[in-house]
Amino acid sequence: MEINRNAPATAEGELRIDADPSTVFAVIAAIDQWPSWNRDVKSVSLEGPVQPGTVFRWKAGPSSLTSTLQVVDPPREIAWTGTTMGIKAVHVFRFQASDGGTLARSEESWAGLLASLLKGYSRRTLDKGIRGVLAHLKAEAERRAAAA
């Protein structure tokens, strides 16, 4: 799945994680557990199994979001679309084995009136969010790998 490259706001990042792709994928795919390792996520309600079409509702920062899983391809990719305050978001995580660990890539796009009106703010917010989630994901996946 691809983000909307023509959206007013896009961001992407990558980070090497010292854990295998299956471990990294397991962390991000346990959506209802996000608040336990990502302090930016306040709450999550997962409305079914982790598979395409399943909806989850969550709070991150000041936003309440409704998202729908679009791709669940362990341990390579997980992606969802979501909406909040008229913003249409697309978020994709990809994981690739790399030197005994994982290269984790995350990218997101925001489209809609608010993202268009507040392009600079939206881009900065997205960039900060991508860097944050990758750092939290790295810490939790490496913690689990070390405990295994």
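The values are calculated or read from the model by the stated rules, or taken from the named source; none is laboratory data. Predicted model, so just to flag it, every value in this text is computed and none were measured. Positions of Cβ are backbone-derived with ideal geometry, glycine not excepted, and every protein chain shown enters the neighbour counts.
All conditions but one from (1) in contact with a Leu (Cβ under 8 Å, 6 or more places away or on another chain); (2) without any contact (Cβ under 8 Å) to a residue 12 or more places away in the chain; (3) not aromatic (Phe, Trp, Tyr) apply to residue 122; the one that does not is (2).
Just one of the listed residues (44, 55, 27) is crowded, with 19+ Cβ neighbours inside 10 Å and over 15 Å from residue 93 (Cβ atoms), namely 44.
One line per residue, one yes/no per condition, for (1) assigned to a loop (DSSP other than H, G, I, E, B); (2) in contact with a strand residue (DSSP E or B) (Cβ under 8 Å, 6 or more places away or on another chain):
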| site | (1), (2) |
| --- | --- |
| 42 | no, yes |
| 49 | yes, no |
| 52 | yes, yes |
| 59 | no, yes |
| 65 | no, yes |
| 70 | no, yes |
| 75 | yes, yes |
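Cβ contacts < 6 Å: first residue touching a residue at least 40 places away in the same chain (Cβ under 8 Å), restricted to the stretch 40-57; second residue of a type in the set (Gly, Ala, Ser) and part of a strand (DSSP E or B), any location; separation 6+ or different chain. Result? Close Cβ pairs satisfying both conditions: 40/60.
Evaluation of residue 38 against the conditions (1) surrounded by fewer than 17 Cβ atoms within 10 Å (Cβ to Cβ); (2) touching a helix residue (DSSP H, G or I) at 6+ places or on another chain (Cβ under 8 Å); (3) farther than 19 Å from residue 87 by Cα shows that the sole unmet condition is (1). From the list 57, 76, the lone residue that is at pLDDT 95 or above and over 30 Å from residue 99 (Cα atoms) is 57.
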